[in-house]
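**Student:** For reference, the structure I am asking about is given below.
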Amino acid sequence: MKDVSFALREGQKVAVFSDFNKSANALLECASEVAPLQSGKVEIRANVSWPLPSRGALEGVMTGRQNAKFLQAVYGTPGEEYEQIARIEELAALEPGCFDQRMKSWGPLMRARFDVAVSLVFDFDVYIISKRFPWSQPTRPQLETLVREAFERRISGKTLLLFHQDEEFLGRYCDEAIVISDCQIAYKGSFSDAQKWFHLNITKSRIEDDSQDQEIEDSSPELIEESPDEVQLW
């Protein structure tokens, strides 16, 4: 990113269109302060999430419950440790006993489900979302509804910065958008206007060159061919 000046107001819900996934992810990582800046500064006056639902700094040698307790101590609501940890366990819907096993023994889909569950429990003023929440669960419609409702309840009335290739997902939750081109913010406006500008001015070939980066970045080798967004997690 270069020469970028961008501000989010309280309650704004902004989608990100980008010629390259890496540029959009760089913006989101800088906005949430999980990536160091080479120059410039980020000024934050709110409680901002990490890019959700990525796994963050989870320790494989710790159990799911131990990781949940650690995250609750950092991001959770004081006095609600038991309720929030139980909620993570419920939303992750792991096999009996797995929550108390070391996470390094889990398969990649279990990790992805845990990541989603953690993302839905803690309260932030600003939600930075870098992947579509994988809630399509045809064989378990009640869980699909539970995850979807938890996501929509969590972001209700909050500020949102959202990036994904799925434009239907972007349009469902955002009414404004920016377009990143050549590592700069090339357009700002309503979601529909930015979407039109993006398709008129950004060539499809450039998007396709980078289309798999976001889906693969958190996957283990056995999931290179099918990302967490494309498989049934529950």
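The values are calculated or read from the model by the stated rules, or taken from the named source; none is laboratory data. The model shown is predicted, which means the values in this text are computed figures rather than measured ones. When we count neighbours, we look across all protein chains shown, and the Cβ atoms used for this are built from the backbone with ideal geometry, even at glycine. Remember, those area values only see protein heavy atoms, side chains included, never the ligands or the DNA or RNA. Shrake-Rupley method; radii C 1.70, N 1.55, O 1.52, S 1.80 Å.
**Student:** Taking the options Q232, Q165, Q195, Q142, name whichever one is modelled with pLDDT of 75 or more, assigned to a loop (DSSP other than H, G, I, E, B) and not hydroxyl-bearing (S, T, Y). I'd like the intermediate steps shown before the answer.
**Tutor:** On the way: Q232 fails: modelled with pLDDT of 75 or more; Q195 fails: assigned to a loop (DSSP other than H, G, I, E, B); Q142 fails: assigned to a loop (DSSP other than H, G, I, E, B).
Answer to the selection: Q165.
**Student:** If you go through segment 13-27 one residue at a time, how many are of a type in the set (K, R) and under 19 Å from S54 (Cα atoms)?
**Tutor:** We begin by selecting, within segment 13-27, every residue of a type in the set (K, R); these are 13, 22.
Filter once more, keeping what is under 19 Å from S54 (Cα atoms): 22.
Number of matching residues: 1.
**Student:** Separate question: Among the residues of segment 28-68, which ones are touching a strand residue (DSSP E or B) at 6+ places or on another chain (Cβ under 9 Å), in a helix (DSSP H, G or I) and either open to solvent by less than 20 Å² (accessible area, probe 1.4 Å) or of a type in the set (D, E, K, R) (or both)?
**Tutor:** L28, E29, G64
**Student:** Here is a further query. Going through segment 9-22 one residue at a time, which ones are in contact with a strand residue (DSSP E or B) (Cβ under 7 Å, 6 or more places away or on another chain), on the phi < 0 side of the Ramachandran plot and either basic (K, R) or surrounded by fewer than 20 Cβ atoms within 10 Å (Cβ to Cβ) (or both)?
**Tutor:** Going through segment 9-22, the residues in contact with a strand residue (DSSP E or B) (Cβ under 7 Å, 6 or more places away or on another chain) turn out to be 10-19.
Restricting the remaining residues to those that are on the phi < 0 side of the Ramachandran plot gives 10, 12-19.
Selection gives E10, Q12, K13.
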